[in-house]
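A short write-up of the structure that comes next.
The values are calculated or read from the model by the stated rules, or taken from the named source; none is laboratory data. From a predicted model like this one, the values you see are computed outputs, not experimental measurements. Cβ placement follows ideal geometry from the backbone for every residue including glycine, while neighbour counts extend to all protein chains displayed.
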Amino acid sequence: MSVFLLILGLIMFMGLVVVHEYGHYLAARKGGVDVEEFGIGFPPKAWGKKLASGMEFTINWLPLGGFVRLKGEHDSATARGSFGAAPLGVKVQVMIAGVLMNLLTAFALFTFLALIGLPKIIENQFTVGSDTKISNSRVLVGSIEKNSPSEKAGLKQRDQITRLTSGGKTYAIMSTDDLPKATKSLAGKDVVIEIVRDKKTSNLNAKLLSQAEVVASKKTNEPKGYLGISPFELTMRRSTWSAPIVAAGLIKQITVETMRALGSMVGNAARGHGSEASKQVSGPIGIFVILKDNSSLGIRFILMIIAVISLTLAIMNALPIPALDGGRLYLTLFYRLIRKPLKQSTEEKVHGSGFVALMILFVLITFVDVQRFIWK
C-alpha cells in the first residue's frame, strides 16, 4: 500500500505542473493567443502529436515539469495571434492563470480533506471550533536516538505507540503528553511497548533508562530520554459546512508561514549562513523522500502534502522572480508604468539570467538533498 501511495503521490506531484500549465493554456486560448505547444516534462522530446487546433502536444524525457509555448511570447511581438500583440489585460490573465490553477487545486484539496479528515501539521492550525471534530489521533515515532532503548527494542519511524505495560500497570498513549508521563513513571523498568505497524499490532520489549541516567545526560551535549524517541501526534480533524472556510483559512496561514520561512532563508543567506538556508529548502529528491517517508501515513497525508506543494507553487510563481510567472508579470507592468517599450533583447536578458540562476539553484538544492537524504 505504501508503494502504491508513493507512486500516486509522485504522479499527483507531476500533475500539479500540468495543472499549472493548463491554466496558461486556457487563458491563452480564451484571450485569442495561439498555443504552439503543450509539453509535459522538459525536452528532449520523446513523443509528439499535432492536434486539429494546430497545437503540438508533446511528452518529453525530463519528467520534472511542463510548459506551454505561445506564439510570439515576447512582449514586443506584433503578429496576429501572438502573445505580444494581445491587450495588457489578456497578458495579465495568461501570466497569472497558472498561479490561480495551483491555488484552486490547493483550495479544493484542503476542502476535501476538511470533509474527510484533515491532518494537523502546524501549531494552532486554523479551524472552525464549533464545526470541528477529531476523527482520529495517533502517537507516532518520529526520530530515534542512537543506542537508545527504543532503537534496541526495534522501534521504527512512523510506528504508532498505543500503550506501555510494566509490572501489571498499563499506560494508554493517546497523546504526546501521555508518553513522557508514562516513561518517567516507569523509569529504569522493563516495559512492553504495544505498537501498530503496517496495520498490524505487535509487542516490543525495552528497558527504559533510569532517572539518574537521564538527569546525568542533560549535563552533556547529548541529552537522552527514558525511551529515546521524539514522538509526534497525527490528528485528523473533520468539518462539515465550514470545510471551505477551513481551506481558505489554512491557505492564508500556510502562505504567511511560507513567506516568513522565505524571509528567514534569505536572511540566513545574506548573513553568510548558507548551511542554515539550505536546510529550509528541498528539491525533487527532497520531495521524493518526504512522499516516501510519509506514504505509510495514508492517502489523506499524501493529499495534504500535495495540497501544500500546490500552494507553494502558487506562492513562488506569484513572486517577482525572473523567468517565473511573477517575474514576467512585474517586468511587463513596470515597463507599462514607465511608458517605455519592453524590447525583446531586454526581456531575454532578464529572464535568461533568471533562468540560469534558477538552474544553478536547482543543482545546488539537489546536491544538498543528496547530502541530506542519501549520503547522510
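Within region 78-129, track down each residue that is over 30 Å from Arg238 (Cβ atoms) and assigned to a helix (DSSP H, G or I). Within region 78-129, Leu88, Gly89, Val90, Lys91, Val92, Gln93, Val94, Met95, Ile96, Ala97, Gly98 meet the criteria.
Among residues belonging to region 144-198 that are part of a helix (DSSP H, G or I) and either of a type in the set (Gly, Ala, Ser) or not assigned by TED's automatic domain parsing to the domain that holds Tyr226 (or both), point out the one that is farthest from the chain's Cα centre (by Cα). Explain how you work it out, then say what you get.
Let us first name the residues in region 144-198 that are part of a helix (DSSP H, G or I), namely 149-153, 178-185.
Then keep just the ones that are either of a type in the set (Gly, Ala, Ser) or not assigned by TED's automatic domain parsing to the domain that holds Tyr226 (or both); that gives 150, 153, 182, 185.
Details: Ser150: 29, Ala153: 32, Ala182: 34, Ser185: 38 Å.
It comes out as Ser185.
Sub-8 Å Cβ pairs linking a first residue in region 330-347 that is in contact (Cβ under 8 Å) with a residue 40 or more places away in the chain and among the charged types (D, E, K, R) to a second residue that is part of a helix (DSSP H, G or I) and surrounded by fewer than 16 Cβ atoms within 10 Å (Cβ to Cβ), at least 6 apart or interchain, are Arg336/Leu88, ordered by first then second residue. For Leu118, the conditions (1) of a type in the set (A, V, I, L, M, F, W, C); (2) touching a strand residue (DSSP E or B) at 6+ places or on another chain (Cβ under 6 Å); (3) farther than 25 Å from Ile315 by Cβ; (4) surrounded by 13 or more Cβ atoms within 10 Å (Cβ to Cβ) all hold with the exception of (3).
Here is the figure for region 334-360: residues that are more than 30 Å from the chain's Cα centre (by Cα) and in a helix (DSSP H, G or I) total 10. When residues in region 1-35 are screened for being surrounded by fewer than 17 Cβ atoms within 10 Å (Cβ to Cβ) and assigned to a strand (DSSP E or B), 0 of them pass. The C-beta contact set for region 300-326 (first residue part of a helix (DSSP H, G or I), second residue of a type in the set (Ser, Thr, Tyr), distance under 8 angstrom, 6+ apart or interchain) comprises Ile302/Ser295; Ala307/Thr105; Ser310/Thr105; Leu311/Thr255; Leu311/Thr258; Thr312/Thr258; Ile315/Thr255; Ile315/Thr258.
A single entry from Gly65, Gly39, Gly23, Gly84 fulfils the requirement of being in contact with a helix residue (DSSP H, G or I) (Cβ under 9 Å, 6 or more places away or on another chain), within 28 Å of Ser296 (Cα to Cα) and not hydrophobic (A, V, I, L, M, F, W, C): Gly65. Please tell me if Ile305 is modelled with pLDDT of 85 or more and among the hydrophobic types (A, V, I, L, M, F, W, C). Answer is yes for this residue.
Here is a yes/no grid of residues against (1) without any contact (Cβ under 8 Å) to a residue 40 or more places away in the chain; (2) more than 29 Å from Pro341 (Cβ to Cβ):
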{"residue": "Glu21", "(1), (2)": "no, no"}
{"residue": "His24", "(1), (2)": "no, no"}
{"residue": "Arg29", "(1), (2)": "yes, no"}
{"residue": "Val33", "(1), (2)": "no, no"}
{"residue": "Glu37", "(1), (2)": "yes, no"}
{"residue": "Gly48", "(1), (2)": "yes, yes"}
{"residue": "Ile59", "(1), (2)": "yes, yes"}
{"residue": "Gly72", "(1), (2)": "yes, no"}
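Residue pairs whose Cβ atoms lie under 9 Å apart, sitting 6 or more positions apart in sequence or on different chains, and linking a residue in region 199-226 that is in the same structural domain as Lys156 (by TED's automatic domain parsing) and at positive phi to a partner that is among the aliphatic types (A, V, I, L, M) and exposed (fewer than 12 other Cβ atoms within 10 Å of the Cβ), are Lys199/Met1.
Per-residue answers, yes or no, for (1) in the same structural domain as Glu348 (by TED's automatic domain parsing); (2) aliphatic (A, V, I, L, M); (3) at pLDDT below 95; (4) in contact with a Ser or Thr (Cβ under 6 Å, 6 or more places away or on another chain):
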site	(1), (2), (3), (4)
Phe4	no, no, yes, no
Gly15	no, no, yes, no
His24	no, no, no, no
Ile40	no, yes, yes, no
Leu51	no, yes, yes, no
Phe67	no, no, yes, no
Asp75	no, no, yes, yes
Arg80	no, no, yes, no
